[in-house]
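Taking it in order: structure first as structure tokens, then the write-up.
The values are calculated or read from the model by the stated rules, or taken from the named source; none is laboratory data. All values reported here derive from a predicted model rather than from experimental measurement. With ideal geometry, Cβ positions are generated from the backbone for all residues, glycine too; neighbour counts draw on all protein chains shown.
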Amino acid sequence: MKSGRYWVTWANSHAKNSQSVEDLEAGFKANAKAFIKALTDAGATVKVSTTKRSAKRAYLFHWSWKISQGKCKPSEAKKMSGVDIQWDHNDLAKSKAGALEMVKGFGLAVPPRSIYPPSLTSNHIAGKAIDMTITWSGTITIKKNDGTGVKVTYMKNVNDNTVLHTVGASYSVKKLKSDAPHWSYNGR
């Protein structure tokens, strides 16, 4: 089957993403829950969009992003067992359009929000990453893991909010600065 919207529907049935913090790896789950609690206790709103991810879903994310953004030729996409997708439509414009349908259907971040393709070996697959959108108004005081309060001013671009990153790191939840919603155990 050629790339396109069909594969979004297929992935939603056969290669699901979890949005549950409970599905994370035990150690990272405890850290993520503590960080989220500190954020919400301080008045922030946290919306979790992804925790654990299927390797098949990561594969679809990676190649649809690369092809749609012109970062590789459709013929360069590797095969994956269990995912019988046809990336190359024998027409570059149609191949890119099919891949872009998938990118939009999956809601993937593209430039300028994210300048790198989703990883084939994402920490999400191991349950050691979380995608979350964190919002609040003005400046709030968020407690670090050691209990000290840190004043953090809201920034629309979370990748620039190094003070928030420092608070997250105190819980061993580290920011990947090239991907707006992504936090993980190692910052990748």
Using beta carbons and a limit of 7 Å, which pairs, at least six apart or on different chains, have the first residue in the stretch 62-83 and under 15 Å from Pro118 (Cβ atoms) and the second one hydroxyl-bearing (Ser, Thr, Tyr) and not in a loop (DSSP other than H, G, I, E, B)? Ile67/Ser95; Met80/Tyr59; Val83/Tyr59
State whether one or more residues within the stretch 123-136 are modelled with pLDDT of 95 or more, farther than 29 Å from Leu60 by Cβ and touching a strand residue (DSSP E or B) at 6+ places or on another chain (Cβ under 7 Å). yes
Qualifying residue in the stretch 9-24 (condition: of a type in the set (Phe, Trp, Tyr), within 30 Å of Leu92 (Cβ to Cβ), assigned to a helix (DSSP H, G or I) and modelled with pLDDT of 95 or more): yes
Is it true that Tyr116 is out of contact with any helix residue (DSSP H, G or I) (no Cβ under 7 Å at 6 or more places or on another chain) and modelled with pLDDT under 95? yes
For a quick check of your reading of the model, give me the residue pairs whose first member lies in the stretch 174-188 and is among the β-branched types (Val, Ile, Thr), whose second is surrounded by 20 or more Cβ atoms within 10 Å (Cβ to Cβ) and at pLDDT 95 or above, with beta-carbon atoms closer than 9 Å and at least 6 apart or on different chains. none
Which residue, of Ala169, Ala93, is of a type in the set (A, V, I, L, M), within 19 Å of Lys2 (Cα to Cα) and in a helix (DSSP H, G or I)? Ala93
Given the criteria part of a loop (DSSP other than H, G, I, E, B) and either over 28 Å from Ala93 (Cα atoms) or among the polar types (S, T, N, Q) (or both), does Gly27 qualify? no
Output yes when any residue across the stretch 103-121 is closer than 19 Å to Phe28 by Cβ and either in a helix (DSSP H, G or I) or of a type in the set (Val, Ile, Thr) (or both), and no when none is. yes
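Select, from Thr153, Thr148, the only residue that is without any contact (Cβ under 8 Å) to a residue 60 or more places away in the chain and out of contact with any Ser or Thr (no Cβ under 8 Å at 6 or more places or on another chain).
Values: Thr153 fails: out of contact with any Ser or Thr (no Cβ under 8 Å at 6 or more places or on another chain).
The match here is Thr148.
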Please find, within the stretch 129-166, the residue that is farthest from Val110 (Cα to Cα) out of those that are more than 19 Å from the chain's Cα centre (by Cα), assigned to a strand (DSSP E or B) and of a type outside the set (D, E, K, R). Gly149
Thr148 passes all but one of (1) touching a Lys or Arg at 6+ places or on another chain (Cβ under 8 Å); (2) surrounded by fewer than 14 Cβ atoms within 10 Å (Cβ to Cβ); which number fails? (1)
Residue list for the stretch 32-88, filter: assigned to a strand (DSSP E or B), polar (S, T, N, Q), within 17 Å of the chain's Cα centre (by Cα) and surrounded by 14 or more Cβ atoms within 10 Å (Cβ to Cβ): Thr50
Hey, any hits in the stretch 113-133 for a residue that's over 27 Å from Glu22 (Cα atoms), surrounded by fewer than 18 Cβ atoms within 10 Å (Cβ to Cβ), free of Cβ contacts under 8 Å to residues at least 40 places away in the same chain and not aromatic (Phe, Trp, Tyr)? no
